[in-house]
Amino acid sequence: LASRRTGCPQCGKVRIRNADERVEQINSAGSLSFIRWEGCFINNLSRAVVECHLDGFQWSASVSNLLRGHGCPHCARPGFDPSKIGTLYALRSECGSYIKIGISNQPGKRHSQLKRHTPFGFSCIEKIDGDGLMIAILERKFHSKHESAGLSGFDGCTEWLVCTNDLLDDLRNTRDSLHQGV
């Protein structure tokens, strides 16, 4: 690795060990392989060149983005795919005034994105998994039936609704009716 030739020998040893650990983490993080460092490894902001196992596409990304699950930009299919299993989720704002009804094929990844971009805290109060098309229809039903919170300026802002007892009951009834049908 290029970092073997830089800095003091003692620091270089630490850097090498951490670089090797990061390479192992990158290689085990998903369907990609570490190729080389852009420059030398210093920390999680260092950039690595990686290759996608699916189509051989190579790109450069920071270690922190790779370890957070940012995958191949060439293979990325943004947006919800109704032909796959989906999740309808309900997030409640810390103040309790708003509920976000959203859908995702990768809810964990989506919730991480929302935590970075939503200007207030929230918690997940409901998750309903099922056929992607059915999940998309449920989301539309919630958004057409309940009042928008009228928020703007951040990722997912248009999916926040005013929290009412009717909305909470609707969520509960939807969950219960789907669980009874299983």
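Among the residues of the stretch 78-92 satisfying the criterion of being open to solvent by 20 Å² or more (accessible area, probe 1.4 Å) and of a type outside the set (S, T, N, Q), which is nearest to ILE137 (Cα to Cα)?
Here the answer is PRO82.
Against the condition in a strand (DSSP E or B) and either in contact with a helix residue (DSSP H, G or I) (Cβ under 8 Å, 6 or more places away or on another chain) or at pLDDT 95 or above (or both), how does ILE101 come out, does it pass?
Considered against the rule, which asks whether it is in a strand (DSSP E or B) and either in contact with a helix residue (DSSP H, G or I) (Cβ under 8 Å, 6 or more places away or on another chain) or at pLDDT 95 or above (or both), ILE101 comes out as yes.
If I ask for residues that are loosely packed, with under 14 Cβ neighbours inside 10 Å and either under 22 Å from the mean Cα position of the chain (by Cα) or outside any helix (DSSP H, G or I) (or both), which ones from the stretch 138-153 would you list?
Of everything in the stretch 138-153, those that are loosely packed, with under 14 Cβ neighbours inside 10 Å and either under 22 Å from the mean Cα position of the chain (by Cα) or outside any helix (DSSP H, G or I) (or both) turn out to be ARG140, GLU147, SER148, GLY150, SER152, GLY153.
Conditions: (1) over 30 Å from THR174 (Cα atoms); (2) open to solvent by 60 Å² or more (accessible area, probe 1.4 Å); (3) of a type in the set (S, T, N, Q); (4) not in a loop (DSSP other than H, G, I, E, B). GLN113 meets all but one. Number of the miss?
Just one mismatch for GLN113, condition (1).
Filtering the stretch 43-77 down to residues that are over 12 Å from SER31 (Cβ atoms) and of a type in the set (D, E, K, R), which residue is least open to solvent (accessible area, probe 1.4 Å)?
It comes out as ARG47.
What is the one condition in (1) out of contact with any Phe, Trp or Tyr (no Cβ under 8 Å at 6 or more places or on another chain); (2) at pLDDT 95 or above that GLN113 does not satisfy?
Every condition holds for GLN113 apart from (2).
Taking the condition open to solvent by less than 80 Å² (accessible area, probe 1.4 Å), at pLDDT 95 or above and within 17 Å of the chain's Cα centre (by Cα), does GLY156 pass?
Criteria not met by GLY156.
Here are ARG36, ARG17: which of them is modelled with pLDDT of 85 or more, more than 25 Å from the chain's Cα centre (by Cα) and surrounded by fewer than 16 Cβ atoms within 10 Å (Cβ to Cβ)?
Criteria check complete, one pass: ARG36.
Would you pick out the residues in the stretch 35-57 that are within 22 Å of LYS109 (Cα to Cα) and assigned to a strand (DSSP E or B)?
Passing the criteria: ARG47, ALA48, VAL50, GLU51, CYS52.
Taking the stretch 159-168, which residues are touching a residue at least 12 places away in the same chain (Cβ under 8 Å) and open to solvent by 60 Å² or more (accessible area, probe 1.4 Å)?
ASP166
The values are calculated or read from the model by the stated rules, or taken from the named source; none is laboratory data. All figures in this text were calculated on a predicted structure; none of them were measured in a lab. When we count neighbours, we look across all protein chains shown, and the Cβ atoms used for this are built from the backbone with ideal geometry, even at glycine. The area values use the complete protein model at the heavy-atom level, side chains included, leaving out ligands, DNA and RNA. Shrake-Rupley method; radii C 1.70, N 1.55, O 1.52, S 1.80 Å.
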